[in-house]
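The values are calculated or read from the model by the stated rules, or taken from the named source; none is laboratory data. Just so we're clear, the structure is a prediction, and the values are computed from it rather than from any experiment. Here the Cβ positions follow ideal geometry from the backbone for every residue, glycine too, while neighbour counts run over all protein chains shown. Surface accessibility is based on the protein's heavy atoms, side chains included, excluding ligands, DNA and RNA. Shrake-Rupley method; radii C 1.70, N 1.55, O 1.52, S 1.80 Å.
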Amino acid sequence: MRHTLSVLVENEFGVLSRVASLFSARGFNIESLCVAETLDPSLSLMTIVTRGDEMIMEQITKQLNKLINVIKVTDLSEKKFVDRELVLVKVKATKTNRAEILRIVDIFRGKVVDVSLKTLSIEITGDDGKISAMIELLRPLGIREIVRTGKIAMLRAVK
Amino acid sequence: MKLTGAQILLEGLKREGVEVVFGYPGGAVLNVYDEIFKENFKHILVRHEQGAVHAADGYARSSGKVGVCLVTSGPGGTNTVTGIATAYMDSVPLVVFSGQVPTPLIGNDAFQEADIVGITRSCTKHNYLVKDVKELPRIIGEAFYIAKSGRPGPVLVDLPKDVMLDSGNVSFPENVSVRGYHPTYEGHSYQIERALQLIYKAKRPIIYAGGGVILSNASKELTDFTKILNFPITMTLMGLGAFPVTEPLALGMLGMHGTFSANMAISESDLVIAIGARFDDRVTGKIEEFAPHARIIHIDIDPTSISKNIKVDIPIVGDCKRVLTVLLKEMEGHEDETERVKGRVAPWLEQIEKWRNKHALAYELEDAIKPQYVVEKIGELTGGNAIIATEVGQNQMWAAQFYKFTKPRTFLTSGGLGTMGYGLPAAIGAQVAHPDATVIDIAGDGSIQMNIQEMATAVQYNLPVNIVILNNSYLGMVRQWQELFFDRRYAYTCMENIAPDFVKLAEAYGALGFRVEKMKEVVPTLKKAFKAKRPAIIDVVVEKFEGVYPMVPAGASLKQMLLV
């Protein structure tokens, strides 16, 4: 099963490498990883998307906690959370399909960020479902290039 | 006060109570060595940096203190890697200081530069690159604290040359606190309560004790716990010495080369009490068939050890000594329940006794010298009071099987990583920690050649380490596998006629050399060597094709033992 982990770490050099090498050394897989500073500049937050059964997830969580620079590990998948990803897509744009691309962008509330004679570059944010739906619609039109940030995620507030 | 980096380092070592540093000088650590010289700090010069780490490791395992190494940059650092990985696998507290090129040169492929922090990231508990002299006091404090607390392990501190030269006004912090590091020492009281309920209900219990018991100095508590309950106990390779193997309740080691009784007992048990052990593959055999009828209680300070290989019913994260102390306390006032469980377990002990009598550890005496006989005689001659180091392979397994370990911290062996060449430098480190003890390295003719250069260290400091080579002219354990699983195709395991003359070799180093070829020479020669109180090699020519048995083939269940 897919899990989204939120990992609070010390903002020091080498920490990303410690986390990444932990995953590779133990044969855990990383689907995506995002990292940036938090409000407290001495800390960074990593959002890691990974896969594993219960026993593997228990190991991943414990092994992460064992790293000296890791402050806190939360498995968001056990709770209610919001996740978003930002994707840039460069699509082949011809006279005939340019309008269709713009329509799709509009439906998904994306943004055109770059235009050339032959291409349109689109920015879109959203969760998994939205992003893959849009990619599926654009694919037949000819995707030239795609760049994704990987997922960031946050717990929902308790209501 | 204003001090240079090198002075701060020396001050830090003194504050941490370090008595001795094992090391090897070089360009990047010249300033540190200059301070060591000026301060006349105790330093043991090894002959290879791997030897420095193993020696510090032997020092640490035998004394319970933190072992300290100092090496130079580049190859100095990379040579420590095997030693560090060895210590990491067996949870030995070490602090390794490595020199580094000056900070402006880092990343420039400078002379003797290696990214040792990157290289050792996955085999240290933690590591540091010191970028500013002001950070040094804090980092030294943290390094020692992390190395010895929680589940111990090696910590590396990389020291760029300019940082060692730089000076600053520094003060040493009184307390160490590391934001993301808070080991759990006290076991959860609810889990301990549940464990006790299972213990009182057991019919076929077994205690399975590992190196964690020794690391947490919990031998006395373990012994009390075992004897009060009158439960049988088996130990891992790393756990030997935690409970006297001479006691009737002790079944010896379990696992691949464990005793018949220990492997049968754990396979048929209905309750396994794992204490400071980690269900290593050499212990469990085929994991699906390990203790299939048993509920499992697991006491360990490292949460990642619990439910890693095997699903545990009652996890207790905590220090073995403290958890056992609480268990013993809880058991007070439940004497009636203790008596009841003892009565219920009696038939189980009888069954175990039958297994023990059916296939005890044994070997046949023949004309050729049997390696097991040599190990037994070492035990008898030293009264079990020696510190035994081993290399890796058959020598290690025979030492584990046939030397009767009765005290903790007397068996130094590379259990997890299985590092050939560990024994001699580890014995040297143990002898430094215990100048009056009899320290013996039980070696093979293959392994001893992996760090033989440390003979020079033993001689230089007059450390009377005795190296007993069980010389079968083979890389015996590998040969044993080739014999059993590769139709006796002995690919590159025969060392016959290509080994050095070990007597001459010993003499060349200025040590004593003995060669034993006949059974009746074994005891007198060992006696002579032990009495001489000088570094010595005793090269014992043993039966070439002797194997280590019982043996559970890799991946088989523990009950599928090859007995001869």
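Just to be sure I understand, how many residues within region A:31-50 are surrounded by fewer than 17 Cβ atoms within 10 Å (Cβ to Cβ) and more than 10 Å from chain B (Cβ to nearest Cβ)?
Final tally of qualifying residues: 9.
Quick one: is A:Ala157 part of a loop (DSSP other than H, G, I, E, B), within 29 Å of A:Val35 (Cβ to Cβ) and among the aliphatic types (A, V, I, L, M)? Can you show your working first?
On the way: part of a loop (DSSP other than H, G, I, E, B): yes; within 29 Å of A:Val35 (Cβ to Cβ): yes; among the aliphatic types (A, V, I, L, M): yes.
In short, yes.
For A:Arg18, only one of the following conditions fails: (1) among the charged types (D, E, K, R); (2) crowded, with 18+ Cβ neighbours inside 10 Å; (3) more than 9 Å from chain B (Cβ to nearest Cβ). What is its number?
A:Arg18 satisfies every listed condition except (3).
Would you be able to tell me the number of residues in region B:15-51 that are among the basic types (Lys, Arg), assigned to a helix (DSSP H, G or I) and under 25 Å from B:Pro425 (Cβ atoms)?
0
Pull out all pairs, ordered by first then second residue, where Cβ-Cβ is under 9 Å, the residues are six or more apart or on different chains, the first lies in region B:400-412 and is closer than 19 Å to B:Val465 by Cβ, and the second is basic (Lys, Arg) and buried (at least 22 other Cβ atoms within 10 Å of the Cβ).
B:Arg409/B:Arg61; B:Phe411/B:Arg61; B:Leu412/B:Arg61
Residues are listed down the side, and each one gets a yes or a no for (1) out of contact with any strand residue (DSSP E or B) (no Cβ under 8 Å at 6 or more places or on another chain); (2) of a type outside the set (A, V, I, L, M); (3) open to solvent by less than 10 Å² (accessible area, probe 1.4 Å); (4) within 14 Å of another protein chain (Cβ to nearest Cβ):
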| position | (1), (2), (3), (4) |
| --- | --- |
| B:Asp300 | no, yes, no, yes |
| B:Leu324 | no, no, yes, no |
| B:Trp355 | yes, yes, no, no |
| B:Pro371 | no, yes, yes, no |
| B:Asn385 | yes, yes, no, no |
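Residues that are more than 13 Å from B:Ala28 (Cβ to Cβ), at least 2 per element: which helices (runs of 4 or more DSSP H) completely within region B:111-169 meet that?
B:116-119, B:136-148
Within region B:139-187, track down each residue that is buried (at least 16 other Cβ atoms within 10 Å of the Cβ), of a type in the set (D, E, K, R) and over 18 Å from B:Pro93 (Cα atoms).
B:Lys161, B:Asp162, B:Asp166
Scanning region A:51-69 for residues that are facing chain B (nearest Cβ under 10 Å) and among the basic types (Lys, Arg), which turns out least open to solvent (accessible area, probe 1.4 Å)?
Per the stated criteria, the residue is A:Lys62.
Out of (1) in a strand (DSSP E or B); (2) under 30 Å from B:Arg489 (Cα atoms); (3) open to solvent by less than 40 Å² (accessible area, probe 1.4 Å); (4) not aromatic (Phe, Trp, Tyr), what's the single condition that is false for B:Ile537?
(2)
Any residue that is touching a Cys at 6+ places or on another chain (Cβ under 9 Å), under 30 Å from B:Gly239 (Cβ atoms) and open to solvent by 40 Å² or more (accessible area, probe 1.4 Å) - is there at least one of those in region B:89-107?
yes
Restricting the search to region A:22-74, which residues are among the hydroxyl-bearing types (Ser, Thr, Tyr) and over 24 Å from B:Thr124 (Cα atoms)?
Within region A:22-74, A:Ser32, A:Thr38, A:Thr47, A:Thr50, A:Thr74 meet the criteria.
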